[in-house]
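Take a look at the structure set out below.
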Amino acid sequence: MKAFSEPRSRRQIGWLAMACLWLAGLALAAHGPAIGDELVHWGQILRFLQGDFRIYEEYLTNIPGYHWLLTAVLWPFGAQSLAAARLVTALFTAASVVLVHRIRRRLHREDAQRTAALFLLLPTMYLYGFLAYTDLPALALLLGALLASIHERHGLSALLLVASMAMRQNNVLWVVFLGVYSAWPLLCEGVLTLRARSLPTRAWWQALMQRIWPYLLAVACFCVYWAGNGSIAYSTAQSAYSHPDFRPDIGNPIFLLVVMALLFPFQMLAGWKAALASGRLLPVLALATFVLLAGFFLFRVEHPSNLFSGNARNQMLLAVAAGGWPRWVFSLLAAFAAGGLALLPHLGARARLWLPFSILFVAASWMIETRYTIVPITLFLLFRRPQPAWQERVMLAVWAVLALGLAGSVFDGKLLV
């Protein structure tokens, strides 16, 4: 027992616990049929593995970068099982945990391991870390890009972002985010210069372009794809039916705020306390009231995939859309989170950029989907100012139960995603 009273020993047992939780997810995923979108993703990968290089253009909404990658990894081993594909995704999940730890060490060293554990056990993500889905591999590349940006390696960051977009093309918004994040000190300097009624110097423009040109090139790659494909969704049929290029909707932003309220109650309370202490409670109340009314009067469930009542998320959404007390509770939770996030302290001014970009990211999707919250919440975990350790340990314990319970229920066929 004395050994685990030392910081190094506690870190070691922490990593051992995370390894066991990762192995538990892998064990759950080692058997069973394809789940949800795995039917399309695994079907495409299996087609490639069997030497048929036609693409499911009528079904595939993502650029098939993930499918080609898994084909390249599995082909040399002759592996043609769903379990093998899930193992590759699980390895990307493990890499993401390491990347989260490394990023948090740069931003706030003291709780880097706890942040990595929270990331692994994020209830909205844990399950998908062991499915043949594109989300975690694309997130791993995005986290690698963020780490490269922090280290001022912007060219490498842009390359990783292009690779991420080759799996989930809507990650183009995070290219813009990292460009702004990287240039933030210079942008603030430029604003101050303009306020002083003078134009930025040539040296300032050169420094700015040196930072952002790789991200501009990555956005250009997306534009070339979009122009050549004719739609953002890889399948033009899916674009016309369920994934249009432009169909902004309030549903996902409200849903994201509800998820934040449920997962981060201590942080949301801290944000309200900060508003009260700073004397800015009235503006925060006004914002929360606006979100409450927006949630109650404007929230709709209209996407064809959300009208299927066979999974728990859609059942909840349809109950909210029907009105009554579920709609009030849903709207109140969204308002609670909006007010809590308004003045919640972060690790520096530019860390707060995650919130407006996250709202734009989820608002761009018409379909209300739990997976769309993964990137925004991951960024919040990385950029948040930590709460007292006991609060985050309570969160971690609750998340562990939720994550394992949800994963077990889905892999046993008791819940659908």
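Side notes on the structure shown:
- Accessible area (Å², per residue) of region 1-50, counting only protein heavy atoms and a probe of 1.4 Å: 61
- Evaluated with a Cβ-only charge set (Lys, Arg +1; Asp, Glu -1), region 277-397 carries a dipole of roughly 280 debye about its Cα centre, given to the nearest 20.
- Rounded accessible area per residue of region 62-132, 1.4 Å, Å²: 35
- Each of Gly340, Met260, Val329 was placed along the dipole of region 256-396 (beta-carbon charges, centred on the mean Cα), and the one lying farthest toward the positive end is Gly340.
- FRET efficiency, Met209 to Arg247 (Cβ-Cβ, R0 35 Å, nearest 0.05): 0.55
- For region 47-168, the residue among Leu87, Ala140, Val97 whose Cα projects farthest onto the positive side of the dipole built from Cβ charges is Val97.
- Counted residue by residue at 0.36 nm each, then reduced by the alpha carbon distance between them, the extension gain from Ser231 to Ala389 reaches 52.2 nm.
- Protein heavy-atom accessible surface, 1.4 Å probe, per residue over region 267-384: 41 Å².
- Pairwise Cα separations in region 1-97 fall into 5 Å bins from 0 onward with the following percentages, short to long: 2, 11, 19, 18, 15, 10, 7, 6, 5, 4, 2, 1, 0.
- Once C-alpha pairs closer than 8 Å and six or more residues apart are averaged by separation and normalised to the residue number of the chain, the relative contact order reads 20 percent.
- Highest-fluctuation residue, Gly51, Gly129, Gly179 considered, GNM on the chain with Cα pairs under 10 Å: Gly51
- Beyond 41 Å, the tail of the calculated P(r) for the chain holds 14 percent of the Cα pairs.
- Mean residue ellipticity (222 nm) of the chain, computed from DSSP H runs ≥ 4 via -39,500 (n - 2.57), nearest 500: -22000 deg cm²/dmol
- Listed residues Tyr56, Tyr241, Tyr66, most fluctuating in the chain (Gaussian network, C-alpha, under 10 Å): Tyr241
- Grouping the Cα pair distances of region 334-417 into 10 Å bins from zero gives a pair-distance distribution of 14, 37, 35, 13, 1 percent in increasing distance order.
- Once the Cα-Cα distance is subtracted from the 0.36 nm per residue extended length, the Leu156 to Cys20 segment shows a gain of 45.7 nm.
- Projecting the alpha carbon convex hull of region 158-242 along each direction and taking the average yields 6.9 nm².
- Signed unit charges on C-beta, dipole axis of region 275-370, positive-most listed residue Ala364, Gly279, Met316: Gly279
- Each of Leu39 and Arg280 was given a label point 7 Å from its Cα along the Cα-to-Cβ line. The distance between the two points is 4.8 nm.
- In the frame of its principal axes, region 102-223 has Cα extents of 54, 38, 21 Å, reported largest first.
- Label separation (Phe290 vs Gln50): 5.4 nm, computed from points 7 Å beyond Cα along the C-beta direction.
- Surface share of carbon and sulfur [accessible, 1.4 angstrom probe, percent] for region 188-284: 68
- Take every Cα pair under 8 Å whose residues are at least 6 apart in sequence, average their separation, divide by the length of region 75-231, and the relative contact order is 19 percent.
- By accessible area, using a 1.4 Å probe on protein heavy atoms only, region 9-92 has 67% of its surface on carbon and sulfur.
- Considering region 68-153, its Cα convex hull presents a mean projected area of 6.1 nm².
- Relative contact order (percent, whole number), region 268-365, Cα cutoff 8 Å, 6+ residue spacing: 42
- Here the spin labels are modelled as points 7 Å beyond Cα on the Cα-Cβ line, and at Glu110 and Ala312 they lie 3.5 nm apart.
- Dipole magnitude of the chain about its Cα centre (Cβ charges: Lys, Arg +1; Asp, Glu -1), debye to nearest 20: 1480
- Remark: accessible surface ordering of Leu141, Leu281 (largest first) is Leu281, Leu141, probe radius 1.4 Å.
The values are calculated or read from the model by the stated rules, or taken from the named source; none is laboratory data. All values derive from a computational prediction rather than experimental measurement. Here the Cβ is made from the backbone with ideal geometry for all residues, glycine too, and neighbour counts use every protein chain on show. When the accessible area is computed, the model is the full protein with side chains, heavy atoms only, and any ligands, DNA or RNA have been set aside. Shrake-Rupley method; radii C 1.70, N 1.55, O 1.52, S 1.80 Å.
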